[in-house]
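The values are calculated or read from the model by the stated rules, or taken from the named source; none is laboratory data. Computed from a predicted structure; not experimentally measured. Here the Cβ is made from the backbone with ideal geometry for all residues, glycine too, and neighbour counts use every protein chain on show. For accessibility, only protein heavy atoms count, side chains too; no ligands or nucleic acids. Shrake-Rupley method; radii C 1.70, N 1.55, O 1.52, S 1.80 Å.
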Amino acid sequence: MASSIISSSYSSSVTSPWLYDVFLSFRGEDTRDIFIAHLYHALIQKGIRTYFDEDELRKGDEISPTLLQAIEDSRISIIVLSKNYASSTWCLDELLKILDQHKKSEQQRILPIFYHVDPSHIRHQKESFGEALAKHAEKLNVDMKKLQLWKEALQEVANLSGYHLINGNESKFIEEIVQDVSRIANDHLYLNVAEHLVGLKPHVEDVNLLLSVGTDDVRMIGIFGVGGIGKTTLAKTIYNSIAFRFEASCFLPIDSNTLNQVNCLVQLQEKLLFKILGDSRSLKVDNIDTGINMIKRRLHSKRVLLILDSVDHLDQLKTLAGACDWFGKGSRIIITTRDQHLLTTHGVDSTYEMTGLNHQDAFQLFCWHAFKKEKPVDGYDEFVKQIVNYAGRLPLALTVLGSDLCGRSESEWVSAIEEYKKIPHQDIQKILQTSYDRLSENEKNAFLDIACFFNGHRLDYVIKMLDSVGLCPDFLIPRLKEKCLISEFHQRLQMHDLLRDMGREVVRQESPKDPGQRSRLFFHEDICKVLEGDTGTDRVEAIDGYFPDGTDIILLSSKAFKNMKRLRFFRCRNAHFSGEVDYLPNEIRVIDWSNCPLQSLPSTFHGEKLICLRLPRSHIQEIRLACFKDLTFMDFNNCEFLVQIPDISKCPNMMEIDLHCCKNLVEVHNSVGFLDKLVKLKLAGCFNLKRFPRRLQLRSLRFLDLSDCSSLQEFPEIECEMKWLDRIYLAGTAIEELPSSIGYLTGLKFLDLRRSVNLKHLPSSIHQLRYLVELLLDDCPNLVSFGMGGNNINGQSSPYMVSTSWENEASSGAKLFPLPPPTNSTTSLHLYLKNSGLSKSNFFGPFHFFPNLVLLNLSGSDIVSIPASIKTFVTLRTLTLIGCKQLQDIIEFPPNLGSVSAGRCISLESLPEISKRFNFPRLRWIELTRCYKVNMMRNCMPNPAWNRIGMIFPGNKIPDWFSHWKETSNSDRCEFDIKGSPSYDVDDIIGICFCVVIEPAGTIRLTFDIMIGVADVIDHSFHELANFDEMDSDHVWLQYLTIEDVTHLRVSVDQADNLRIIFESSDPNLVIIKRCGVHLLYKQHEQNAKLDHENVDVHLDHGSQLSRRHRVDYDGDCNIESGLYPQQRKHATSPLEIKFVPRAWKFPC
């Protein structure tokens, strides 16, 4: 029943699920006009809602539905067992219903009154009770089963504890009963909860799991969350659902104004004791210590439910619920607070964070309050979405705003939404601001800075900014997190939008009419007013605003900052200024001023406290950084008037320099090369840069970008180990060679030298970069040396050179080729040499210097031949040669090659004999689109060493060795069945080959997948495998499935009566299937002379032709045979389908 009551509370604002406190069950002729009349009057006088059946005449044998419902709706049933009670079948049926209802709900109580009768007579059915039951049994129409139920019910009620009146003062007897009933009824007064409890049920279930009511241990649970999130509503709902399971319960709200005041704490102690014990005369608390002792003494043996709501200070917990052993076994204490740290300090058993509503629930809750239904009125959907986004799914805000907008016109909604964004609703502000009011002075300042300026910023940046003004962020930020005012997500500080607006409203209230008197400015209108009107004062500490597009140019006064001597933070984004200023405050820590009109910083500005200087897209021409000792971040990107970066050796704390796209920058001072804390250096797009530091000692550097510095001819010498630098961008520079000292970049992972048209040499030390993952050398036409020299660093030996001892292993057949012995390399290298001039290089010399190379892309290069020396690249898995138009032959493949893509190699004539050699066990894919000179028909026969290999090459025929093939007359689908043969078992199959001749019908990208039944065997749907132009000719696509794939086939074969092969184009407008074939590979069978090709049943489409070829014996121990299934196969019912699906997508030429 508990759960049903919880459910009902979600959709109702009724404070209690009971319509009545008491249901009176009695025998009218015995007690109606005497005892019952007096008892009923006394209950009513006490304010106890009592159901009293005034109908004297009860007709029929069945109890009325009204009475049955009244019993269900009553918290307490008082059964007055008088002399003639059992003579009434109505009374007995009432008794059955009452006992049954009590079993269904632990919340319903039964109080028997033995009115001038002996309970033992009822228990054993003696005297009048026995006589009455005997009379019922004599009736012809009596239900003997019901008679037995009556007897059992009388025994059960007689065993209950109740009230016994034989002789005595009936008035006092009634007074005692009413007092007890009053205590029971008031012991669990149902708390009023919100009208629409949308989205609350999952939270109730979660907390109930933590509470685990019913066990004997004492548990203290904390619920924390931001103000207005629904903590109190959750606690009340839980209280209403479980309080009846405790001897006593108390929901104690704590006024934030009580804080630490002794008298207030004493009053809370008294209130707690009174709510649980009920006797105010003996519960006078003199002081806090007395109150603690009384709580411990009076409640230590009582199983209680105590909820302390809105706790905001540790003393409140210490004085009201100092420890679990203050309370009896099975007790539960629930604490709600906005301060998670309170719960941690107090040592609660479990904590639960109350979170906001999901979008759907937030939408529904708002609609209930705004429209009195769960969906918006037509035409208001967009308004509702705006409000829900603004409210951030906070129940308080959704409720307040929904009620505020209820019944208002569309124009009023528009105005209200704009107003909310400027000034929060006062009811929301009042609730949320209590969290702010409880903060210390430093916590308030940190909170306001984050609310006004740093919401969504990186944590390390915020820490730096707060630390610069002495706010101890390492302490304050965790404190604000514990108070649920901020959170952290992906290393960025986050604050709920309504908390942000609350903080900003606190600032606005500092001076509602004069923004120049406020501590922080953030609305662009206020900023513009202050800067243009010279109205700033020394109260202004920070300015941060984003100016919308189309904002008028701000006309700066030369004295705009003159009076803002305490200004520590200035940031203006997307604003445009005119004029000059001759003063900047020396207290300033941050200047972030895009489109700044200043040509230089004022001479009076010393910048000793400046941490961040960002002037992107500004008019700055000259930089003076002589005294900027704390400067950490410097950004002058896109400053087209900047020509040089001066000596910045007096800026030892510099961590980031961004100068990208300073198109007239010519010189960067040598001092930049010695900034020990510098982490990031960006000069991309400075195409006039000629003078860069000749020496680098940047031990902390992680990122260097000199890409498109097209006038830069030299890369500096590295004079120390720079182990943190992992990415260097040098694309588009005029550098001719890298220095051998590059070997000191021991942590380098990525080196981009693309479009370095003057680059000729790579030093041998580049091969000692053991963490290098990507080396980009695309479009470097003059590169000739890949580190063939014997240069070394500090006496280290030259790079490891791969021997050719692999030839001794070739005879091992399908065994994997051994990898080279250990080297300094710990990663797999991807090397890109697209459109480079390799014909004159030493890349394929007798030795190579890339023992860890796994991907090699030579697309578009001028290479003529891939020599046999490539076999020394024993780790190479991917070889890409697309568009190498001069390439004529590939003499060898590396032994562990997985894929080779050589599309559009129009001069290519020969490849290694992959069908007769067993040296390429990892080979999976060969792409030869538009390689019209290559004859693959004899080089594509299946090899037992293959492992799911596929290939595509020009051609319009199915290879001769295919046993089954079909011509489809340009159909988009080809299908045929291969029926079982009595000569061979499915276990003899070791592979299946598919082949399809396709005609591309457009400029397309092509992929494929293969399915057995409904399962994908091969799925390349997300990998581009071949490109075609509209005018390309037919191509042959061949795919080989391995023994592992055939295992899948064997699993399914017992439910199939034949093998059905389907070739189907995903889009016949883009790719046309012209011919298709299938070939099965078998083990050598002792009955190989018995060939039977009559087992082929081919389904021909209109205009199709079928060719059934004879078996071809294969070299070694493999044969090709058309038989598939053994003669003994049982009860197969349907074909097993294998589907080959080419998939095509259009793409622009």
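Rounded to the nearest 0.05, what FRET efficiency do Asn159 and Asn389 give with R0 = 45 Å and r taken as the Cβ-Cβ distance? Could you check? Before the final figure, lay out each step's value.
Values: r = 62 Å, r/R0 = 1.37.
FRET efficiency, Asn159 to Asn389: 0.15.
With a 1.4 Å probe and all protein chains left in place, how much accessible area per residue does the stretch 355-449 have, in Å²?
Value for the stretch 355-449: 50 Å² per residue.
For a 22 Å ceiling on Cα separation, which of these pairs sit above it: Lys629/Lys749; Lys529/Lys562; Lys231/Lys430?
Lys629/Lys749
Per q in 0.12, 0.18, 0.22 1/Å, what log10 I(q)/I(0) does a Debye calculation on the alpha-carbon atoms of the stretch 591-704 return?
Here log10 of I(q) over I(0) equals -0.36, -0.87, -1.35.
Can you pull the accessible area of Phe715 for me, 1.4 Å probe, Å² to the nearest 10?
The accessible area of Phe715 comes to roughly 20 Å².
Taking the simple approach of a point 7 Å from Cα along Cα-to-Cβ for both Gln621 and Asp378, what is their distance in nm?
6.6
Any idea how far apart Gln267 and Glu29 come out in nm if each label point goes 7 Å out from Cα toward Cβ?
6.0
For a quick check of your reading of the filter: which trypsin sites (Lys or Arg not before Pro) in the stretch 337-384 sit in a DSSP loop and have no more than 15 other Cβ atoms within 10 Å? Each step should come with its number before you reach the end.
On the way: sites: Arg338, Lys372, Lys373; in loops: Arg338, Lys372, Lys373.
Taking the stretch 337-384 and a limit of 15 other Cβ atoms within 10 Å, the loop trypsin sites (Lys or Arg not before Pro) found are Lys372, Lys373.
Within the stretch 189-218, find all residues whose amide N lies under 15 Å from a label point positioned 7 Å from the Cα of Cys324 along Cα-to-beta-carbon.
What the label zone holds, given the 15 Å backbone N cut-off, is 210-218.
Enter the per residue convex hull volume of the stretch 211-257, computed from alpha-carbon coordinates, in Å³ rounded to the nearest integer.
Hull volume over Cα atoms, normalised by residue count, gives 100 Å³.
Per residue, what volume in Å³ does the convex hull of the Cα atoms of the stretch 205-328 enclose?
Numbers: hull volume 12.8 nm³, N = 124.
Dividing the Cα hull volume of the stretch 205-328 by its residues yields 103 Å³.
At 0.36 nm per residue, and after removing the present C-alpha to C-alpha distance, how many nm does the segment from Ser839 to Ile1062 gain when stretched out fully?
Difference between extended and current length: 75.7 nm.
Once a ≥ b ≥ c are taken as the square roots of the eigenvalues of the Cα gyration tensor of the stretch 68-191, is the result rounded (a/c under 1.5), prolate (a/b larger than b/c) or oblate (a/b not larger than b/c)?
The shape class here is oblate.
For a label point 7 angstrom out from the Cα of Thr344 toward its Cβ, which stretches of the stretch 464-486 have the backbone nitrogen within less than 12 Å?
475-484
Report Cys324's accessible area, 1.4 Å probe, all protein chains in place, as a number in Å² to the nearest 10.
For Cys324, the solvent-accessible surface is approximately 40 Å².
Using the Kirkwood radius built from alpha carbon pairs, what does the Stokes-Einstein equation give as D for the stretch 363-508 at 10 °C and 1.306 mPa s, in µm² per second?
D = 97 µm²/s.
For Glu667 and Val643, calculate 0.36 nm times their separation in residues minus their Cα-Cα distance, and state this gained length in nm to one decimal. If you can, show how the numbers build up before the last one.
Values: separation 24, 0.36 × 24 = 8.64 nm, distance 0.68 nm.
Taking 0.36 nm per residue and subtracting the Cα distance, the gain is 8.0 nm.
Taking 25 Å as R0, compute the FRET efficiency from the Cβ-Cβ separation of Glu176 and Asp118 and round it to 0.05.
Here the calculated transfer efficiency is 0.80.
Using amide H atoms built in the peptide plane, which far-off residues or other-chain residues are under 5 Å from Phe23 H to H?
Long-range HN contacts for Phe23: Tyr51, Ile76, Ser77, Ile78.
Provide the per-residue ³J(HN,Hα) series for the stretch 267-273, in order, calculated from phi with Karplus coefficients 6.51, -1.76, 1.60 and θ = phi - 60°, each as a whole number of Hz, with x at glycine and proline positions.
4, 5, 4, 4, 4, 4, 5
Please give the FRET efficiency for Ser910 paired with Phe750, using the beta carbon to beta carbon distance and R0 = 45 Å, rounded to the nearest 0.05. If you can, show how the numbers build up before the last one.
Values: r = 36 Å, r/R0 = 0.80.
E(calc), rounded to 0.05, equals 0.80.
Quickly work out the Lys562-to-Glu131 label distance, labels modelled 7 Å from Cα along the C-beta direction, and quote it in nm with one decimal.
Roughly 11.4 nm, to one decimal.
From the phi angles alone, apply the Karplus equation (6.51, -1.76, 1.60; θ = phi - 60°) to the stretch 332-342 and give each ³J(HN,Hα) in whole Hz, x where the residue is Gly or Pro.
10, 10, 10, 10, 10, 7, 8, 10, 4, 5, 4
Compute, for the stretch 77-160, the length of the dipole vector about the Cα centre, with Cβ point charges of +1 (Lys, Arg) and -1 (Asp, Glu) only. Units Debye, rounded to 20.
For this selection, approximately 80 debye.
For the stretch 478-546, what are Rg and Dmax over the alpha carbons, in angstrom?
14.2, 42
Any lysines with Cα under 21 Å of the Lys135 Cα? List them, leaving off those in the same chain fewer than 8 positions away.
Of all the lysines, those that pass the test against Lys135 - Cα under 21 Å, at least 8 places apart if same chain - are Lys59, Lys83, Lys126, Lys145, Lys146, Lys151.
What figure, in Å² to the nearest 10, do you get for the accessible area of Leu887 with a 1.4 Å probe and non-protein molecules left out?
0
So if each residue of separation counts as 0.36 nm, and I subtract the Cα-Cα distance between Arg1005 and Glu419, what length gain in nm does that give?
The Arg1005-Glu419 span can extend by a further 205.6 nm.
Under the definition of Cα pairs under 8 Å and six or more residues apart, what whole-number percent is the relative contact order of the stretch 133-239?
Values: 28 pairs, mean separation 24.2, N = 107.
Relative CO of the stretch 133-239 lands at 23 percent.
If amide hydrogens are placed 1.01 Å from N in the peptide plane, which non-local residues have theirs closer than 5 Å to the one on Phe687?
Here Ser710 satisfy the definition.
Where does the stretch 267-352 land on the Kirkwood hydrodynamic radius, alpha-carbon pairs, in angstrom?
13.2
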